[in-house]
1. Using a 10 angstrom cutoff on alpha carbons, build the Gaussian network for the chain and name the most mobile of Pro83, Pro252, Pro263.
2. How fast does the chain diffuse by Stokes-Einstein, in µm²/s, taking the Kirkwood radius from C-alpha pairs at 37 °C and 0.692 mPa s?
3. Where the accessible area of the range 1-139 is counted over protein heavy atoms with a 1.4 Å probe, how much of it, in %, is carbon and sulfur?
4. Can you give me the C-alpha center-to-center distance between the range 93-125 and the range 207-272, rounded to a whole angstrom?
5. In the Gaussian network model of the chain, springs joining C-alpha atoms below 10 Å, which of Ala220, Ala113, Ala126 carries the largest mean-square fluctuation?
6. At a Cα cut-off below 20 Å, give the aspartates and glutamates reachable from Lys112, other chains included and same-chain residues fewer than 8 away excluded.
7. Report the calculated FRET efficiency for Glu169 and Arg237 (r = Cβ-Cβ distance, R0 = 25 Å), to the nearest 0.05.
8. Considering only protein heavy atoms and a probe of 1.4 Å, how much of the accessible area of the range 159-277 is carbon and sulfur, as a whole percent?
Amino acid sequence: MKADLHCHSNVSDGLLSPAEVARRAADRGLELWSLTDHDEVAGLAEARAVAEERGLRFLDGSEISVSWRDDASFHVVGLGIDPAYPALVAGLKGIRDGRDGRAHRIAAELEKAGIRGAYEGAARYAEKASIISRAHFARFLVERKISPDVKSVFDHYLAKGKPGYVPHEWASVEDALRWIGNAGGVAVLAHPLRYRVSRDDLRVFLGEFKDCGGQGIEVACGAHSPEEVKECARLARHFGLKASVASDFHGPGESYADLGMTPPLPDDLVPIWHDLV
Ligand code: AMP
Ligand code: MN
Ligand code: MN
Ligand code: MN
């Protein structure tokens, strides 16, 4: 099964519309696809309509931001969710509402670092979106020639410990997994090796994630090296989690990986779609 179960449209911080991402997914030969915008489900109907027109199997998805312990955050992808499930809809709206105040705080920190107008600048890049993400700030800082590309903006301004970083309270792991589970979906830990936590803490988190009903972990990640894919596979085996495939595509020219540009899944792992399709 050629699957890609993690990517973004301009409903959150991707560059293409849900229909454009759907056409690209079909054109690139995917057989199973999910759109997983940050803290949002608004693009799913449009994505599904195009996917079905093109004979591409589609899973409704969302990538939910969660907080853990003192200022750690993780991303949990819900797959096969009912996007109309009221507690999920309300929970995601709560997270989105919190993002605006955070964006103002990010802009205030950037202003202290001498960068003015960042809220308005980021908001322009988020015109079609219902959230402001750090990716929108990054595009604005590139436009201002403060950094040459999005990645270096994160390295110098937006990552934890840098001048434009602010702590933020996202959803709790328990709440996010309850919304996903009750909405009929499965919860998958996104890009496991892209968090600023120690390997020990990642394992502690995965234990709690599993205890809360988490079922999957991204193993074949577009942004992971072959060694990192092997490490994620070991985590999947150790915690008894099914394996997912994720380009985390945000747009042409911006992401590490295009749709479907993912490493192969090790044969012994159970794919997350085993019980979903
Ligand atoms: P936020 O949800 O507002 O914290 O923003 C997170 C988003 O920023 C991610 O989903 C990516 O789109 C982007 N991002 C985070 N870290 C990086 C990085 N090192 N390089 C490029 N984009 C990044
Ligand atoms: Mn993003
Ligand atoms: Mn993520
Ligand atoms: Mn993502």
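The values are calculated or read from the model by the stated rules, or taken from the named source; none is laboratory data. On a predicted model such as this, the values are computed, not experimentally measured, just so you know. Quick reminder, even Gly has a Cβ in these numbers, built from the backbone with ideal geometry, and neighbours come from all protein chains shown. Ligands, DNA and RNA are stripped out before the accessible areas are found, and what is left, the full protein with its side chains, is counted by its heavy atoms. Shrake-Rupley method; radii C 1.70, N 1.55, O 1.52, S 1.80 Å.
1. Answer for the Gaussian network model of the chain: Pro252.
2. Calculated translational D: 176 µm²/s.
3. The value for the range 1-139 is 48 percent carbon and sulfur by accessible area.
4. Centre-to-centre distance over Cα atoms comes out at 31 Å.
5. Per the Cα network of the chain with a 10 Å cutoff, Ala113 tops the list.
6. Asp100, Glu120, Glu143, Asp155
7. Efficiency computed from Cβ-Cβ geometry: 0.15.
8. 50 percent
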